[in-house]
1. Under 5 Å between amide hydrogens, which residues at least 5 positions from Thr383 or on another chain qualify, with H placed 1.01 Å from N in the peptide plane?
2. From the phi angles alone, apply the Karplus equation (6.51, -1.76, 1.60; θ = phi - 60°) to the stretch 30-42 and give each ³J(HN,Hα) in whole Hz, x where the residue is Gly or Pro.
3. Quick one: Karplus J couplings for the stretch 231-248, per residue in order, coefficients 6.51, -1.76, 1.60, θ = phi - 60°, nearest Hz, x for Gly and Pro?
4. Which percent of Cα pairs goes in each bin when the distances of the stretch 371-461 are cut into 5 angstrom slices starting at zero?
5. Can you put Met297, Met246 in order, fewest other beta carbons within 10 Å first?
6. Multiply the residue gap between Trp175 and Ala15 by 0.36 nm, knock off their C-alpha separation, and tell me the result in nm, one decimal place.
7. May I ask you to list the trypsin sites (Lys or Arg not before Pro) in the stretch 228-314 that are in a DSSP loop and have at most 11 other Cβ atoms within 10 Å of their Cβ?
8. What list of ³J(HN,Hα) values in whole Hz, one per residue of the stretch 93-101 in order, does the Karplus curve 6.51 cos²θ - 1.76 cosθ + 1.60 (θ = phi - 60°) give from phi, with Gly and Pro shown as x?
Amino acid sequence: MTKRNLAISASACMALAAASLLITAEPVYDAWAWLVWGRELAHLQLDTSSGPSWKPLPVLLATPLSLAGDAAPALWLLIVRASWLLALVLAGALAHQLTAGLDRPPRIAAAAFAALSLALLADDVTLWARQGAAGMSEPLLVVLVLGAVAAALDGHSRVALALGALAALVRPEVWPLLGAYGIWRWREEPALRPWLAGVAVAVPALWIVPDLLASGGAANAAERARRDSGTPAHDLLEAVGRGAAMPLLAAWPLALLAAARARERDPVRVLAAGALAWIAIVSVMAAGGFPGLPRFMAPAAAVAGVLGGAGLAMLLAAPRSRPATWLLALLAIATLVQLPARAERLPRSMTITARIAHEHDRLAELTQRVGRERLLRCGRLATSDVLVRTALAWELGVPLGRIVSFGVPSARSGAFVIGPQATPLVRSYLRGHADLLGSNGEWRVYSVGCPPTGAAISSSSASPRITGVSGALR
């Protein structure tokens with residue numbers, strides 16, 4: 001892709017992303033946390049002791065955005081949604097580039113298949129389109145990975161290294177692959193060695209040092225990322241299955257065809273090895289107790305779609321034969337069968353995003369009506385809905401540790417925000433033991449044992465810290 005076409009595509013994606021903000025603009029749990037941390041970092045008051053696991057790049061991006069005040073969440077969504085759209089363009093451009101030398105119609109088919117496979121990625125935990133709509137980090141990760149691949153194919157080593165380093169600040173799965181690329185370029189391009197050394201130092205430092213200084217422990221992010229799991233073998237197989245199921249079903253046999261027809265050290269084979277290595281890394285980490293969520297496989301699935309597009313172009317350009325015709329027919333049927341169910345997820349993603357945005361708008365109105373002072377007067381604010389903890393922290397201008405969550409009636413005093421996720425037991429208990437401060441739709445704010453006037457109780461005297469969740473699943 002030429003620089004001119006890239007600039008035009010990026011501008012169009014930004015315009016579409018900006019237009020989408022008129023429909024709904026509500027970040028998800030992790031994104032609110034990054035905005036809070038970005039605001040704190042801008043004031044040199046970073047506290048990562050509570051919340052999701054630390055990710056350097058989202059926080060570094062959120063830091064200047066936080067200076068825009070109330071516009072910061074919309075600006076973050078603008079970046080992620082534009083990245084999601086640009087990733088589709090890059091996937092198509094890569095498939096088109098990998099099939100150079102073939103006639104135009106097969107190359108167009110390759111680009112269309114790659115973009116379609118990425119747009120319709122299957123994620124049974126968090127819908128892929130919702131990840132872009134709600135400001136999660138994976139669409140940003142995918143566009144950085146595809147951009148790094150495109151730059152490497154064009155011979156722009158410094159750009160590829162820079163984009164790869166940024167991707168490595170989003171997910172640790174990038175590290176081994178970035179390391180392999182760095183070793184190769186170290187040998188082939190001595191002039192790049194100072195840059196490679198800088199990346200080798202900067203990436204781990206940005207993962208470890210800020211979290212160490214802000215939370216008091218270098219392993220806090222890893223500890224929060226780990227979760228209770230089943231047996232290692234079960235988790236490994238489940239992660240592999242999720243990765244394999246993400247792109248369109250036809251992508252894998254077509255990618256295999258492309259790799260089989262490619263020469264040794266051809267970019268197609270290198271990309272295929274990279275995609276499989278990514279899935280293996282996520283799967284091994286899942287076996288070790290880390291989440292093996294489908295979205296962590298998104299870059300590998302995007303590359304599989306690109307290679308699938310290349311394989312489709314090769315098949316279309318091959319001389320007509322009965323086996324090739326039968327294979328095309330089977331792959332076309334498999335794709336057509338999948339399309340309706342996957343396409344249905346796109347509007348459903350928007351519906352879910354709009355519903356949650358409406359819920360959060362009501363919550364924001366309620367917190368403004370009740371007032372920051374009343375909500376925080378008796379220490380930390382508690383909520384029954386864990387996924388709004390970070391949004392409340394942003395709205396109230398407090399660290400994440402000042403907002404705690406609970407699932408059963410609590411004996412502690414203070415203000416309690418009750419929402420759609422509250423259990424009937426919690427609702428009935430607070431109705432009988434607390435004073436109602438305000439309500440708006442499905443949201444209620446109660447006060448328990450908190451005097452109407454008097455000195456505030458410091459957060460240090462409140463109940464023991466309750467940390468957040470590792471990520472939003474809505």
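No value in this document is a laboratory result; all are computed from the given coordinates. Here the structure is a predicted model, which means the values were calculated and not measured. Note: ideal-geometry Cβ built from the backbone for every residue, glycine included; neighbour counts use all protein chains shown.
1. Val404, Ser405, Phe406, Val417
2. The phi angles translate into 4, 4, 4, 5, 4, 5, 4, 5, x, 5, 5, 5, 4 Hz.
3. Calculated HN-Hα couplings, in order: 6, x, 5, 5, 5, 5, 5, 5, 5, 4, x, 5, x, 5, 7, 5, x, 4 Hz.
4. Distribution as computed: 3, 14, 28, 28, 19, 7, 1 percent.
5. Exposure proxy ranking, most exposed first: Met246, Met297.
6. 54.3 nm
7. Taking the stretch 228-314 and a limit of 11 other Cβ atoms within 10 Å, the loop trypsin sites (Lys or Arg not before Pro) found are Arg263, Arg265.
8. Working through the residues one at a time gives 5, 5, 4, 5, 5, 5, 10, 4, x Hz.
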